[in-house]
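*Asks:* Got a structure for you, questions after.
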Amino acid sequence: MSAVAADMPETVAPATTKAIAPSKGGRPWTFYVLATLFGLYVIALYGPMFCIYVLSFQDIRGGLVFPMKGHSLHWFVDLFTQVRTGDVKGSFDRSIKLAVIVTVITVVVSFLAGLGFRKRFRGDTFVFYMMIGSLVAPGLVLGLGTGLLFQALGLNASWYTSALGAQLSWTLPFGVLVMFAVMSRFNHVWEEAAYDLGASRWQSIWLVMIPVLAPGLVAVALFGFTLSYDEFARSLQTAGSLNTLPLEIWSMTLNVTSPSLYALGTVTTIVSFVVIGASLGSIVLIQKKRGSSAKG
Amino acid sequence: MQPSPAQTPPRANLTGWLYVSPLVLVLVPFFVAPILVVLAASFFTTDGFGGLTPDFTLASYVDVLHSALTLKLYLATIKFTVLTWVFTLIIGFFVAYFLVFHVRNQLLAIGLFLLCTVPFWTSNIIRMISWIPLLGKEGLINQALLGTGVIRQPLEVLLFSDLAVVIAYVHQLTIFMIVPIFNSMARIDKKLIEAAIDAGASRFDIMRLVVVPMSKSGIALGTIFVVSIVMGDFFVVKVMSGGGSASVVSAFYEDVGVLQYPTAAASAVLLTLVLVAIVSLILRTVDIRQEITR
C-alpha cells in the first residue's frame with residue numbers, strides 16, 4: 001500500500017477512492033467495461049419512454065409507431081375531454097388522494113414499527129414474517145381475498161376503504177424495510193445523550209430522532225406515494241365501482257389504441273417528477289436548515 | 001449483542017408490541033384475514049355464478065393438481081422468473097458495483113443512482129407499453145434492421161412473444177435489484193478492500209471473497225422482490241405475450257373472470273405455498289433482518 005501511495009500525489013485521490021484501482025491512478029479495464037454496461041442500461045431504461053413522450057405530441061393523424069405525424073397537443077386534449085377514453089380526470093383525482101392518505105399512514109406506521117424492531121421482543125419474529133408474507137403474497141390473490149371478505153361482511157368495496165387497506169398491506173412492508181436501513185445509520189449515542197440531558201422518551205423521539213431521520217422519512221414517503229399511485233393488482237378487486245388511475249390505464253390498454261395512451265404516459269411522468277422534485281427539495285431544505293442551526 | 005427475547009424484561013416486550021401494534025392492526029384485516037378467506041374459499045363449492053356455498057371439499061385441489069395445464073403454467077412461470085432473476089441480478093449487481101466502487105465522485109454516484117431510479121416513478125403499465133414503438137412489427141428496431149438490409153421480413157418474435165415478456169420484466173424490475181445491492185455495497189468499508197489488495201488478492205478474489213459475501217443481504221432482498229413480483233404478476237405476461245403465454249396468476253385471473261372462485265382460490269393457495277417455500281429458503285440462507293439492522 002505504501003509503495004502505491006508513494007507513487008501518487010496525495011491531492012489527486014484520497015486513499016479510500018483508489019482501492020479498486022491501484023494501478024497508478026489510471027482507470028482499470030473493468031471501469032470501461034462497467035461504464036459501457038451502465039450506459040447501455042440507462043439507454044435501455046430511458047429509450048422506450050422517450051419514444052412515447054415524443055409520439056404523444058403528434059397531431060390527429062398520429063399512430064402508435066414512428067414515423068411521427070405532425071405535432072400538436074391533440075391527444076392530451078383528447079385524453080381529458082373524450083368520454084370514450086373513460087374517466088381519466090376522476091380516476092387521477094382519486095389516485096392522488098389515495099396516494100396521499102397511504103403516504104401519511106405508511107410514514108407514521110413504518111416509523112413506529114422501525115422503533116419497535118430496534119430491540120428484540122417476544123413475538124418480533126412472528127410480526128416480521130407476517131410482514132414479509134404480506135410483501136410477497138401475489139397482489140391479485142390478496143385483492144381477491146379482501147374483496148371476498150368485504151362481500152362476506154356485507155361492506156361495500158371502495159377506493160378509500162378496501163383498496164386503501166389492500167395498498168397498505170403492500171406499502172407498509174416496503175416502508176418498514178426502508179426504515180430498517182434508515183435506522184441502522186442512526187447513532188444510538190445521540191439518543192442516550194438526550195436521555196442524559198433529561199429528555200423523556202417522547203422528547204427524544206420528537207426532538208432528536210425525527211429531525212435526524214427526516215431525510216429517511218421522506219424516502220419512506222416517496223416509496224409509499226409511488227407504490228400506491230402505481231398499484232394495480234391489489235386494487236383490481238377492491239376499488240369498487242370507481243377506478244383508480246392504474247385501473248383506468250389498464251382498461252385503456254384494452255380498448256384505446258391511439259396516442260392518447262402515450263399522452264397519459266407523459267402526464268403521469270410529469271406528475272411523478274413534480275412529486276420527486278418536491279421531496280428532494282424538502283430534503284435539501286431540511287439539511288440546509290440543520291446546517292445553519294448547527295453553525296448558529 | 002442484543003439480548004434474546006427470553007431474557008428481555010416484560011416491559012420491553014410491552015413497548016415493542018406497542019410500537020408495532022399499528023402495523024399489526026393493518027396487516028391482520030388486510031393480509032391475514034384475506035388469505036384465510038381465500039383458503040376457506042378453496043374448500044367451498046360454487047354455483048357457477050359467483051355464489052359460494054360453505055362446504056368442505058378438496059375437489060378444487062384435485063381439479064387443479066390433476067390438470068395438465070397446471071404443470072404447464074408453473075413451468076412457464078418458473079421460466080419467466082428464472083430468466084428475469086438472472087438478467088436483473090447480473091445487471092443490478094454490476095450497475096451497483098460500478099456506482100459504488102468505480103465512480104470516484106460521491107455526488108456523481110448519487111446522481112447516477114437517482115438517474116436509474118427516475119423511470120421507476122412512472123406507471124408500470126405505461127413503461128410496458130413504451131416497448132411497442134420499439135419492438136412492434138413496424139417499430140424502430142424492425143425499421144432499422146430492414147433499412148440496413150439485415151433482414152427482409154420484419155421480425156415478429158420481438159413483440160407479443162416470450163422475449164418481449166422477459167424484456168418488459170427486466171426493464172421494470174432491475175431497479176429492485178440495484179437499490180438493495182447498492183445499499184449493502186455502499187456500507188462495505190473500503191479499507192477492507194485495500195487490506196485485501198495488500199494481502200495479494202486479485203480483482204476476482206476481491207469480488208468473490210469480499211464484495212459478494214458482504215452484499216449478500218442486498219442480493220437476497222432483491223431476489224425476494226423480483227421473484228415474488230414475477231411469480232405474482234399477470235399483466236406483463238398478458239400484454240407483452242399478446243395472449244400467447246400464460247402464467248399461474250394470469251390463469252387465476254381468468255378463473256376469477258368467469259367466477260370460478262374455488263378453483264381460483266385453490267391455485268392461489270398452491271402458488272402462495274410455493275412462494276413461501278422459496279422465500280423461506282432465501283431467508284434461511286441470509287438473515288435479512290440481522291444484516292439490515294446491523
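*Asks:* Taking into account only those residues within region B:262-294 that are modelled with pLDDT under 85 and within 11 Å of chain A (Cβ to nearest Cβ), which is most open to solvent (accessible area, probe 1.4 Å)?
*Replies:* Per the criteria, the residue is B:294.
*Asks:* List every residue pair whose Cβ atoms sit under 8 Å apart, with the two residues 6 or more apart in sequence or on different chains, where the first one lies in region B:146-172 and is under 25 Å from residue B:233 (Cβ atoms) and the second, anywhere, is of a type in the set (Ser, Thr, Tyr) and assigned to a helix (DSSP H, G or I).
*Replies:* Partner pairs satisfying both residue conditions: B:166/B:84; B:169/B:84; B:169/B:88; B:170/B:84; B:170/B:88.
*Asks:* Within region A:208-220, is there a residue that is among the aliphatic types (A, V, I, L, M) and closer than 30 Å to residue A:141 by Cβ?
*Replies:* yes
*Asks:* If you check every pair at least six apart or on different chains, which have Cβ atoms under 8 Å apart with a residue in region A:28-51 that is among the polar types (S, T, N, Q) first and a residue that is open to solvent by 20 Å² or more (accessible area, probe 1.4 Å) second?
*Replies:* A:30/B:203
*Asks:* List pairs: first residue in region A:213-237 and facing chain B (nearest Cβ under 10 Å) and more than 19 Å from residue A:269 (Cα to Cα), second residue at pLDDT below 85 and assigned to a helix (DSSP H, G or I) anywhere in the structure, Cβ distance under 7 angstrom, at least six positions apart or on different chains.
*Replies:* none
*Asks:* Going through region A:103-136 one residue at a time, which ones are β-branched (Val, Ile, Thr) and either surrounded by 19 or more Cβ atoms within 10 Å (Cβ to Cβ) or under 25 Å from residue A:279 (Cβ atoms) (or both)?
*Replies:* A:103, A:104, A:105, A:106, A:107, A:108, A:109, A:127, A:132, A:136, listed by residue number.
*Asks:* Taking the stated definitions as given, is residue B:195 among the small types (Gly, Ala, Ser) and out of contact with any Phe, Trp or Tyr (no Cβ under 8 Å at 6 or more places or on another chain)?
*Replies:* For residue B:195, the condition - among the small types (Gly, Ala, Ser) and out of contact with any Phe, Trp or Tyr (no Cβ under 8 Å at 6 or more places or on another chain) - is met.
*Asks:* Within region A:254-296, which residues are over 30 Å from residue B:238 (Cβ atoms), modelled with pLDDT of 80 or more and open to solvent by less than 70 Å² (accessible area, probe 1.4 Å)?
*Replies:* A:277, A:278, A:281, A:282 - these are the residues of region A:254-296 that are over 30 Å from residue B:238 (Cβ atoms), modelled with pLDDT of 80 or more and open to solvent by less than 70 Å² (accessible area, probe 1.4 Å).
*Asks:* Can you tell me which residues in region A:63-100 are within 11 Å of chain B (Cβ to nearest Cβ) and surrounded by 21 or more Cβ atoms within 10 Å (Cβ to Cβ)?
*Replies:* A:95
*Asks:* Yes or no: region B:247-258 includes at least one residue that is touching a Ser or Thr at 6+ places or on another chain (Cβ under 6 Å), surrounded by fewer than 22 Cβ atoms within 10 Å (Cβ to Cβ) and within 11 Å of chain A (Cβ to nearest Cβ).
*Replies:* There is at least one residue in region B:247-258 that is touching a Ser or Thr at 6+ places or on another chain (Cβ under 6 Å), surrounded by fewer than 22 Cβ atoms within 10 Å (Cβ to Cβ) and within 11 Å of chain A (Cβ to nearest Cβ).
*Asks:* Same structure, new question: If you go through region A:229-242, how many residues are open to solvent by 20 Å² or more (accessible area, probe 1.4 Å), more than 22 Å from residue B:237 (Cβ to Cβ) and of a type outside the set (Gly, Ala, Ser)?
*Replies:* Number of matching residues: 1.
*Asks:* Additional query: Among the listed residues A:140, A:149, A:164, identify the single one that is part of a helix (DSSP H, G or I), within 7 Å of chain B (Cβ to nearest Cβ) and open to solvent by 10 Å² or more (accessible area, probe 1.4 Å).
*Replies:* A:149
*Asks:* Quick check on my filter: what residues within region B:91-107 are of a type in the set (A, V, I, L, M, F, W, C) and touching a helix residue (DSSP H, G or I) at 6+ places or on another chain (Cβ under 9 Å)?
*Replies:* Result: B:91, B:93, B:94, B:95, B:96, B:98, B:99, B:100, B:101, B:103.
*Asks:* In region B:50-100, which residues are open to solvent by less than 60 Å² (accessible area, probe 1.4 Å) and either polar (S, T, N, Q) or without any contact (Cβ under 8 Å) to a residue 24 or more places away in the chain (or both)?
*Replies:* Residues satisfying the conditions are B:51, B:57, B:60, B:67, B:70, B:77, B:81, B:84, B:86, B:88, B:98.
*Asks:* Got a sec? Which of B:229, B:151, B:175, B:224 is more than 30 Å from residue A:30 (Cβ to Cβ) and under 13 Å from the mean Cα position of the chain (by Cα)?
*Replies:* None of the others qualify; the one that does is B:229.
*Asks:* Just to be sure before I move on: is residue B:215 more than 10 Å from chain A (Cβ to nearest Cβ) and surrounded by 22 or more Cβ atoms within 10 Å (Cβ to Cβ) in the structure I sent?
*Replies:* Yes, satisfied.
*Asks:* Then there is this: Are there helices (runs of 4 or more DSSP H) fully within region A:175-256 with at least 3 residues that are of a type in the set (Gly, Ala, Ser)? List them.
*Replies:* Counting at least 3 such residues, we get A:210-229.
The values are calculated or read from the model by the stated rules, or taken from the named source; none is laboratory data. These numbers were taken from a predicted model, which means no experiment stands behind them. A quick note on method: Cβ atoms are made from the backbone with ideal geometry, for glycine too, and the neighbour counts reach across all protein chains shown. Side chains are part of the model used for accessible areas, which takes the heavy atoms of the whole protein and leaves out ligands, DNA and RNA. Shrake-Rupley method; radii C 1.70, N 1.55, O 1.52, S 1.80 Å.
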